[in-house]
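Heads up, the thing below is written out as structure tokens.
The values are calculated or read from the model by the stated rules, or taken from the named source; none is laboratory data. As the structure is a prediction and not an experimental result, all values here were calculated from the model. Note that each Cβ is placed from the backbone with ideal geometry, even for glycine, and that neighbours are counted across all protein chains shown. Heavy atoms of the whole protein, side chains included, go into the accessibility calculation; ligands, DNA and RNA do not. Shrake-Rupley method; radii C 1.70, N 1.55, O 1.52, S 1.80 Å.
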Amino acid sequence: MEFKSKYLQGVYNTVEKRNVGEPEFLQAIKEVLESFEPVVALKPELEAKGIIDRIVEPERFIQFRVSWVDDKGKVHVNRGFRVQYNSAIGPYKGGIRFHPSVCASVVKFLGFEQCFKNSLTGLPMGGGKGGSDFDPKGKSDNEIMRFCQSFMTELSKHIGADTDVPAGDIGVGAREIGFMYGQYKRLRNEFTGVLTGKGLTYGGSLARKEATGFGTCYFTEEMLKCMKNDSFKGKTVVISGSGNVAIYANQKATELGAKVVAMSDSAGYIYDEKGIDLDVLKQIKEVERARISEYAKRVSGATYTEGCRGIWSIPCDIALPCATQNELNGEEAATLIKNGVIAVSEGANMPSTPEAVEAFQNAGILFGPAKAANAGGVATSGLEMSQNSMRYSWTFEEVDAKLQDIMVNIFHAAYNAADKYGVAGNLVAGANIAGFEKIADAMIAQGVAY
Ligand code: NDP
Ligand code: 2IT
């Protein structure tokens, strides 16, 4: 028995049996179910109404062929996915990932996590996720465009502004969203808020680009303040990744008075003792789409080391994993702890392995779990949807102020839920429970279809 509750054990056994060969998905399910132990013990109606049996099973899982033609005329076939996980509290909402590692397991783990994250934002959004095993690296703009159009030709049959609203994730940024939006509009003859993360000239929200990284820092600042009477000021920070989330986490951490000394991509990491020059990094990553190794060639005193995982050996006060799942393991967590880390917040989805999370918690390190700490991106997507519905746009300052408010509220929702259910200080459990309670209430209210 892995669970104290027979009900949870039974649900987990079924998930395991139904989803053979899907390790990321089972990892996410296990972590969430573990934190439901105290809730299930207090609320027998959850079993009586089959809430957890239902919440682990996606409402819909769509897989499709994406064929496209490269610049030389060669035909390629990729696999596309969309999981529409839970619509109890609002239309399905969640990003699209283009990366060779995308498969059913990855899409389902992300979709499952998204349900609780979206609930935590306090906005009316259900959970979904999608993607493809397409690799955008080394493709021309025209190849990216043709792929996005082909992907959207199928996806458009399943989404809509009041049904399912995708956005970006790894490998999907403003360029890809633009191509997908254009294709949706051509197919439907509808100018509607069907995707978020849109460009500012066609319905995008100010501060959406910055939102995930900024939000992770707002969450972390509140966690430091309330749990340690501390802040980012004067701290040394290490951030993995150098994509959308990592870049804007760097910007906000720096604005809050910290020094970010290291960042990475999948090939290696840079170290700059003076603090990373964000203008240089943005030029390399956002404009040239080049490798992070370029930074060390351009900035004197900076170094580049092959192999991205070595980044966790750099001493820091605050670590923000902002690249991908399972990028920080138990051993790497032990190294961070030995080097004096005081707080870890997850900008990426499930970046810490279960062993790493356990190590941080046992050592009393402040730990902000992904579904709370990186919820600022989807929260601002929710604000983009509101602005689209109103045919109106708020200023950067207005959106940023709402984002800050939401992140502070998420911290307190997670903190208070942990307290209420006897696991004080455990924000992993607190975030799972706080996100779950609203979805469970909505599912109970809406009944079971006979
Ligand atoms: P980007 O594509 O902009 O950047 C991803 C970064 O992570 C790149 O530096 C990339 O390096 C690195 N990376 C990707 N895969 C791997 C890997 N397998 N091993 C090592 N490094 C890797 O994506 P985002 O910044 O948008 O997303 C980063 C994380 O944040 C993801 O976990 C995503 O799910 C999560 N997230 C994103 C949100 C958003 O709004 N964009 C919202 C909430 C969470 P390389 O270029 O070499 O591949
Ligand atoms: O993981 C995530 O929350 C995202 N990639 C953002 C999703 C969104 O709909 O903005």
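Residue-by-condition table, conditions (1) open to solvent by 20 Å² or more (accessible area, probe 1.4 Å); (2) within 17 Å of K438 (Cβ to Cβ):
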residue	(1), (2)
E22	yes, no
V32	no, yes
V39	no, yes
E47	yes, no
P58	yes, no
P91	yes, yes
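Among D230, D279, which is the only one that is more than 21 Å from E327 (Cβ to Cβ), assigned to a helix (DSSP H, G or I), away from ligand 2 (no atom under 16 Å from the Cβ) and not aromatic (F, W, Y)? Lay out the reasoning, then the answer.
Details: D230 fails: assigned to a helix (DSSP H, G or I).
Being more than 21 Å from E327 (Cβ to Cβ), assigned to a helix (DSSP H, G or I), away from ligand 2 (no atom under 16 Å from the Cβ) and not aromatic (F, W, Y) holds for just one of D230, D279, which is D279.
Cβ-Cβ under 6 Å, sequence separation 6+ or interchain: first residue in the range 314-337 and of a type outside the set (D, E, K, R), partner surrounded by fewer than 23 Cβ atoms within 10 Å (Cβ to Cβ) and part of a strand (DSSP E or B). Which pairs?
Hits for this filter: C316/T236.
Being farther than 30 Å from W394 by Cβ, β-branched (V, I, T) and not in a loop (DSSP other than H, G, I, E, B) narrows it down to one of T305, T380, so name that one.
Working: T380 fails: farther than 30 Å from W394 by Cβ.
Selected residue: T305, the only one of T305, T380 that is farther than 30 Å from W394 by Cβ, β-branched (V, I, T) and not in a loop (DSSP other than H, G, I, E, B).
Which condition does L120 not pass, out of (1) open to solvent by less than 10 Å² (accessible area, probe 1.4 Å); (2) of a type in the set (A, V, I, L, M); (3) out of contact with any strand residue (DSSP E or B) (no Cβ under 6 Å at 6 or more places or on another chain), if it passes all the others?
(1)
Could you go through the range 93-108 and let me know if any residue there is in a helix (DSSP H, G or I), under 16 Å from V165 (Cα atoms), at pLDDT 95 or above and within 21 Å of the chain's Cα centre (by Cα). I'd like the intermediate steps shown before the answer.
Filtering the range 93-108 down to residues in a helix (DSSP H, G or I) leaves 104-108.
If we keep only those that are under 16 Å from V165 (Cα atoms) as well, we get 107.
Subsequent filtering for residues that are at pLDDT 95 or above retains 107.
So of that shortlist, the ones also within 21 Å of the chain's Cα centre (by Cα) come out as 107.
Within the range 93-108, one or more residues are in a helix (DSSP H, G or I), under 16 Å from V165 (Cα atoms), at pLDDT 95 or above and within 21 Å of the chain's Cα centre (by Cα).
Could you say whether any residue in the range 270-287 is open to solvent by 30 Å² or more (accessible area, probe 1.4 Å) and either under 26 Å from I365 (Cβ atoms) or touching a Pro at 6+ places or on another chain (Cβ under 6 Å) (or both)?
As a first pass, look at the range 270-287 and keep what is open to solvent by 30 Å² or more (accessible area, probe 1.4 Å): 271, 273-274, 277, 279-280, 282-283, 285-287.
If we keep only those that are either under 26 Å from I365 (Cβ atoms) or touching a Pro at 6+ places or on another chain (Cβ under 6 Å) (or both) too, we end up with 271, 273.
Taking every residue of the range 270-287 in turn, at least one turns out to be open to solvent by 30 Å² or more (accessible area, probe 1.4 Å) and either under 26 Å from I365 (Cβ atoms) or touching a Pro at 6+ places or on another chain (Cβ under 6 Å) (or both).
Is at least one residue of the range 55-63 part of a helix (DSSP H, G or I) and within 22 Å of V428 (Cα to Cα)? Talk me through it step by step, then tell me what you get.
Residues of the range 55-63 that are part of a helix (DSSP H, G or I), as a first pass: 55.
Now restrict to residues that are within 22 Å of V428 (Cα to Cα): 55.
Yes: one or more hits.
From the list F112, F81, which residue is open to solvent by less than 20 Å² (accessible area, probe 1.4 Å), in a helix (DSSP H, G or I), touching a residue at least 24 places away in the same chain (Cβ under 8 Å) and within 16 Å of ligand 2 (Cβ to nearest atom)?
Details: F81 fails: in a helix (DSSP H, G or I).
Exactly one residue qualifies, and that residue is F112.
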